[in-house]
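Visitor: First the structure, which I've put down as structure tokens, then a few questions once you've had a look.
The values are calculated or read from the model by the stated rules, or taken from the named source; none is laboratory data. Quantities reported herein were computed from a predicted structural model and do not represent experimental measurements. We place every Cβ from the backbone using ideal geometry, glycine too, and count neighbours over all the protein chains shown.
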Amino acid sequence: MTVQILLLLAGLALIVYGADFLVDGASSVARKVGISEFVIGLTIVGMGTSAPEMVVSFIGAIQGKADVAVGNIVGSNIFNTLLILGLSAMILPMSISRSNIRRDIPINIGVVLLLILLGMKATIGYGAENGLTRLDGGILLAAFIIYIWSCFKFDKKEDSEGSSDKEIGTAKAILLIIGGLAGLIIGGRLFVDSATTLATMLGVSEKFVAITILAGGTSLPELATCVVAAAKKKGQLALGNIIGSNIFNILLILGGSALINPLSFADLDYVDIGVLLLSSLMILASYFFFRKKVIDRGDGAIMFLIWGAYMAYLFINL
């Protein structure tokens with residue numbers, strides 16, 4: 001058990017330092033090439049921190065375990081928005097730019113609605129069963145390519161936030177990004193593996209491990225990155241990371257998983273889908289509530305409470 005505890009701590013250390021390197025490197029690249037920190041968060045940071053989800057879901061699809069592939073993504077997106085964004089907002093209220101409200105946030109909601117439309121066919125009433133076919137997977141992947149292209153095509157420098165950070169050389173910035181991503185991925189995997197082993201040794205049920213450790217563990221890179229970004233007063237990078245990760249998870253990871261093996265949604269219920277949709281709507285509500293155009297500490301606290309209520313529901317229905 002001592003070895004597993006040491007591995008757990010090593011994984012956490014890699015995650016923390018990896019997040020710090022990634023935020024510094026990505027922010028430096030954004031300033032140098034004139035790309036907003038929000039778009040850097042959407043692409044490099046968002047996709048990089050979603051790597052653990054991709055590994056888990058693709059392996060689940062290859063092994064024919066649809067519940068692993070689907071549950072991991074739905075759970076991770078809920079975790080990302082309600083817990084991670086909520087905690088980040090409590091550390092640093094995040095401003096929401098015009099392009100966020102006109103494009104990025106509506107697209108995030110639209111992606112969730114697209115997933116519901118394609119995946120809940122039987123519930124909606126136009127299909128025999130709920131799930132994603134290979135054709136559905138192709139549609140999700142095509143939407144992902146179009147979205148990433150549009151992010152760079154229509155990016156505006158107004159999304160960037162001012163920074164007084166010390167200038168970092170290009171080569172060093174790239175090394176920080178690569179090293180940060182490596183630390184996040186390796187650390188996240190090390191943490192999940194060691195935590196799962198510890199839970200088994202302590203006699204905790206496998207379902208409990210899947211709901212808590214696995215879903216939360218694969219989102220640790222997002223958690224570490226967003227908390228560090230918020231502490232460094234880079235709210236747009238944190239917001240971009242969450243929205244980018246959520247879109248990446250649904251369009252690329254679930255799309256790719258469905259191409260590998262059609263995915264059943266049989267284990268998802270109305271509460272799971274409802275909380276997923278609610279989590280995406282919460283960001284939009286933060287903008288319009290009292291016209292404050294910011295995700296403040298109150299919004300963050302509400303998101304955290306909703307996440308806590310959902311976790312309580314899952315535990316009650318184990």
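Visitor: Among what's in the range 124-138 and is out of contact with any strand residue (DSSP E or B) (no Cβ under 9 Å at 6 or more places or on another chain), surrounded by 11 or more Cβ atoms within 10 Å (Cβ to Cβ) and among the hydrophobic types (A, V, I, L, M, F, W, C), pick the residue that is modelled with the lowest pLDDT.
Guide: Our first condition is that a residue be out of contact with any strand residue (DSSP E or B) (no Cβ under 9 Å at 6 or more places or on another chain); within the range 124-138, this holds for 124-128, 134-135, 138.
Now narrow it down to the ones that are surrounded by 11 or more Cβ atoms within 10 Å (Cβ to Cβ): 124, 127, 134-135, 138.
Restricting the remaining residues to those that are among the hydrophobic types (A, V, I, L, M, F, W, C) gives 124, 135.
Working: 124: 88, 135: 96.
The extreme case among them is 124.
Visitor: Within the range 77-121, how many residues turn out to be free of Cβ contacts under 8 Å to residues at least 12 places away in the same chain and touching a strand residue (DSSP E or B) at 6+ places or on another chain (Cβ under 9 Å)?
Guide: 1
Visitor: Report, by residue number, each residue of the range 242-294 that is in a helix (DSSP H, G or I) and either touching a Pro at 6+ places or on another chain (Cβ under 7 Å) or among the hydroxyl-bearing types (Ser, Thr, Tyr) (or both). Show your work before the answer.
Guide: From the range 242-294, those in a helix (DSSP H, G or I) are 242-260, 270-291; that's our starting set.
Selection gives 245, 257, 270, 279, 280, 286, 287.
Visitor: Now a separate question. Is one or more of the residues making up the range 130-152 farther than 30 Å from residue 289 by Cα and in a loop (DSSP other than H, G, I, E, B)?
Guide: Within the range 130-152, one or more residues are farther than 30 Å from residue 289 by Cα and in a loop (DSSP other than H, G, I, E, B).
Visitor: Please verify whether the range 144-165 includes one or more residues that are modelled with pLDDT of 85 or more, farther than 27 Å from residue 260 by Cβ and of a type in the set (A, V, I, L, M).
Guide: no
Visitor: Quick one: what pairs do we get from the range 245-264, first residue touching a residue at least 24 places away in the same chain (Cβ under 8 Å) and buried (at least 24 other Cβ atoms within 10 Å of the Cβ), second small (Gly, Ala, Ser) and outside any helix (DSSP H, G or I), C-beta under 6 Å, 6+ apart or different chains?
Guide: Cβ pairs passing all conditions: 245/50; 248/50; 249/50; 263/131.
Visitor: Which residues, taken from the range 265-318, are of a type in the set (Ser, Thr, Tyr) and surrounded by 15 or more Cβ atoms within 10 Å (Cβ to Cβ)?
Guide: 279, 280, 286, 287, 310
Residue-by-condition table, conditions (1) charged (D, E, K, R); (2) crowded, with 24+ Cβ neighbours inside 10 Å; (3) more than 17 Å from residue 192 (Cβ to Cβ); (4) in contact (Cβ under 8 Å) with a residue 40 or more places away in the chain:
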position: 9; (1), (2), (3), (4): no, no, no, no
position: 12; (1), (2), (3), (4): no, no, no, yes
position: 62; (1), (2), (3), (4): no, no, yes, yes
position: 75; (1), (2), (3), (4): no, yes, no, yes
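Visitor: Could you go through the range 300-312 and let me know if any residue there is in contact (Cβ under 8 Å) with a residue 12 or more places away in the chain and within 16 Å of residue 57 (Cβ to Cβ).
Guide: no
Visitor: I've got another one for you. Quick one: residue 121 ticks every box in (1) within 18 Å of residue 277 (Cα to Cα); (2) surrounded by fewer than 22 Cβ atoms within 10 Å (Cβ to Cβ); (3) out of contact with any Asp or Glu (no Cβ under 8 Å at 6 or more places or on another chain); (4) not hydroxyl-bearing (Ser, Thr, Tyr) bar one, so which box is it?
Guide: Only one criterion in (1) within 18 Å of residue 277 (Cα to Cα); (2) surrounded by fewer than 22 Cβ atoms within 10 Å (Cβ to Cβ); (3) out of contact with any Asp or Glu (no Cβ under 8 Å at 6 or more places or on another chain); (4) not hydroxyl-bearing (Ser, Thr, Tyr) is unmet by residue 121, namely (3).
Visitor: Quick check on residue 108: is it at pLDDT below 90, polar (S, T, N, Q) and assigned to a helix (DSSP H, G or I)?
Guide: Numbers: at pLDDT below 90: no; polar (S, T, N, Q): yes; assigned to a helix (DSSP H, G or I): yes.
So residue 108 fails the test.
Visitor: Which one of the conditions (1) over 22 Å from residue 287 (Cα atoms); (2) over 15 Å from the mean Cα position of the chain (by Cα); (3) among the aliphatic types (A, V, I, L, M) does residue 70 fail to meet, given that it meets all the rest?
Guide: Status for residue 70: all satisfied but (2).
Visitor: Could you list, in sequence order, the residues of the range 42-60 that are surrounded by fewer than 23 Cβ atoms within 10 Å (Cβ to Cβ) and either in contact with a Phe, Trp or Tyr (Cβ under 9 Å, 6 or more places away or on another chain) or acidic (Asp, Glu) (or both)?
Guide: 43, 47, 54
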